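The values are calculated or read from the model by the stated rules, or taken from the named source; none is laboratory data. Computed from a predicted structure; not experimentally measured. Cβ coordinates were reconstructed from backbone atoms using ideal geometry, including for glycine residues, and neighbour counts include every protein chain displayed. Keep in mind that these areas ignore ligands, DNA and RNA; they rest on the heavy atoms of the full protein, side chains included. Shrake-Rupley method; radii C 1.70, N 1.55, O 1.52, S 1.80 Å.
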Amino acid sequence: MNTLSVRALLVRGMLAGLAAGAAALLVAYFLGESRVDAAIALEEHAAGGHHDHGGEEELVSRAMQATGGLATGVLVFGVAVGGIAAIAFCVALGRIGRFGPRATAAFVALGGLIAVYVVPFLKYPANPPAVGDGDTIGKRTALFFLLVLLSVLLAVGAVLLGRRLAPRLGNWNATVAAGAAFLLAVTLAYVFLPSYNEVGPDFPGQLLWQFRLATLAVQAVLWAVFGLVFGALAERLLTPASARPRSAETVAA
């Protein structure tokens, strides 16, 4: 793959990430923000009906956080994810099997969802407002990103292990062995990394899990839309028009 193709794929990855971010933004707004508002209401009730801002006014209103702030964060994150995933696609294409651009994009998106979010989420799930100790937020954030990095490295290692085992075990057995090695390594990481359970006894369990499932849905939609959109764009770029499947209308014409 030449430099021009990589550059073109990077641009298409960022565009696909923007589209994926827009879809994830809708999910975050309609599924997540109502749970955030409910958690904030509980926090205010516990604090006597008001937030304590140290005598200062809020710099950013809640309405702005739920609209402009949310849109900016999700869209920027989508573009960044799209660019990084496009680079991963360039590395993976033709090296993880005889898959075309669409299938490779789907595998990259699925692997990204699992390694970047699902594995860290199962150990350090997202918490809504009013949940979590402010004194440990720095440690919890650092551990979350450490687990993200570790999960990505373990996923890459599992792919490399599967490729090395394939000539001796066959593709299916090598894939199973690599997947088992990944799960074992992640389990060991779960065991040795510290855990935090800072959910208060009065916080509604249903609201907590609705919030966490909403965050998971946001990530699932983002990666799924990216895989579909980027796969289509990459195929149009890399596959000659003469080699693409033709529709029935085109054949008839």
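Taking first residues from segment 97-115 that are within 13 Å of residue 226 (Cα to Cα) and open to solvent by 70 Å² or more (accessible area, probe 1.4 Å) and partners that are among the small types (Gly, Ala, Ser) and at pLDDT below 95, the Cβ contacts under 6 Å between residues at least 6 apart in sequence or on separate chains come to 102/231. Going residue by residue through segment 63-71, is there one that turns out to be buried (at least 17 other Cβ atoms within 10 Å of the Cβ) and modelled with pLDDT of 90 or more? Among the residues of segment 63-71, not one is buried (at least 17 other Cβ atoms within 10 Å of the Cβ) and modelled with pLDDT of 90 or more, which makes the answer no.
Any residue at all in segment 199-208 that's open to solvent by 70 Å² or more (accessible area, probe 1.4 Å), modelled with pLDDT of 90 or more and not polar (S, T, N, Q)? The answer is no, given that none of the residues of segment 199-208 is open to solvent by 70 Å² or more (accessible area, probe 1.4 Å), modelled with pLDDT of 90 or more and not polar (S, T, N, Q).
Contact map, segment 226-238: first residue touching a residue at least 12 places away in the same chain (Cβ under 8 Å), second residue of a type in the set (S, T, N, Q), Cβ cut-off under 8 Å, separation 6 or more or different chains; pairs are 231/104; 234/104; 237/5; 238/5. When restricted to residues that are on the phi > 0 side of the Ramachandran plot and either modelled with pLDDT of 90 or more or in a helix (DSSP H, G or I) (or both), segment 149-184 contains 0.
Determine whether residue 237 is at pLDDT 90 or above and under 17 Å from residue 15 (Cβ atoms).
The answer is no for residue 237.
Only residues that are open to solvent by 10 Å² or more (accessible area, probe 1.4 Å) and under 17 Å from residue 67 (Cβ atoms): list them for segment 12-22, please. Within segment 12-22, just 22 meets the criteria. Output the residue which, of all residues in segment 185-222 that are of a type outside the set (A, V, I, L, M, F, W, C) and in a helix (DSSP H, G or I), is farthest from residue 134 (Cα to Cα). In this case the residue turns out to be 187. Confirm whether residue 91 is aliphatic (A, V, I, L, M) and either buried (at least 17 other Cβ atoms within 10 Å of the Cβ) or in a loop (DSSP other than H, G, I, E, B) (or both). It is false that residue 91 is aliphatic (A, V, I, L, M) and either buried (at least 17 other Cβ atoms within 10 Å of the Cβ) or in a loop (DSSP other than H, G, I, E, B) (or both). The residue list 162, 170, 134 contains one member that is surrounded by 17 or more Cβ atoms within 10 Å (Cβ to Cβ) and farther than 25 Å from residue 217 by Cα, which is 162.
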